[in-house]
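Working notes, structure below.
The values are calculated or read from the model by the stated rules, or taken from the named source; none is laboratory data. This one's a predicted model, so the numbers in the text were calculated from it and none came from an experiment. Every residue, glycine among them, receives a Cβ derived from its backbone with ideal geometry; neighbour counts consider all protein chains shown. The protein model used for the area step is the full one, side chains on, heavy atoms only, and it has no ligands, DNA or RNA in it. Shrake-Rupley method; radii C 1.70, N 1.55, O 1.52, S 1.80 Å.
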Amino acid sequence: MQSKNVPASEPIQDCFKIGAAATFYPDSPFLVPVPAHVTAISAASLPELSSPELTSANGGHVQVHKIQDARLQPDHATYRVSLHPDFASPGLSQRSTGVACIQGRPLSTLLRIYRKTIALFMGEAGF
């Protein structure tokens with residue numbers, strides 16, 4: 001389990017931090033959930049997706065559209081999050097699809113409204 005792409009509409013660094021506890025649930029029903037922790041979080045959203053198996057067209061959770069040279073660009077902000085398993089899990093390959101549940105702190109409703117409002121004004125102003 002190396003790194004996973006996480007779709008997010010909020011700056012992901014505000015939701016959880018490096019060292020946060022996580023559990024990776026493989027898509028295969030024959031594999032058990034793997035406890036892990038966050039080792040890295042990308043500072044900016046990904047401009048393109050390098051793993052086609054994560055796209056919604058291939059059964060993943062990331063919606064994308066094709067750009068020049070058939071590259072895949074996420075439709076929404078998508079961040080790379082690296083997880084490290086707490087122990088070796090037999091049967092889990094380097095690249096396994098699934099869902100990672102990461103423990104984090106909740107954001108207040110007031111802060112979410114403030115951010116959405118600022119984003120709306122910046123979008124209207126052309127930033």
Heavy-atom accessible area of ILE18, protein chains in place, probe 1.4 angstrom, given in Å² to nearest 10, is 110
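Name the shape class, rounded, prolate or oblate, that the alpha-carbon gyration tensor gives for the range 40-122, where a ≥ b ≥ c are the square roots of its eigenvalues, rounded holds for a/c under 1.5, and otherwise prolate holds if a/b is larger than b/c and oblate otherwise. Walk me through the intermediate numbers first.
Details: a/c = 2.52, a/b = 1.24, b/c = 2.04.
Oblate, because a/c is 1.5 or more while a/b does not exceed b/c.
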Residues with beta-carbon under 15 Å from that of GLN73, excluding GLN73: net charge, scoring Lys, Arg +1 and Asp, Glu -1?
0
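Mind ranking HIS84, HIS65 by accessible surface for me, highest first, 1.4 Å probe?
On the way: HIS84 100, HIS65 80 Å².
Greatest to least solvent exposure: HIS84, HIS65.
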In the neighborhood of ALA57, defined by Cβ-to-Cβ distances under 13 Å, what is the net charge if each Lys or Arg adds +1 and each Asp or Glu adds -1?
-1
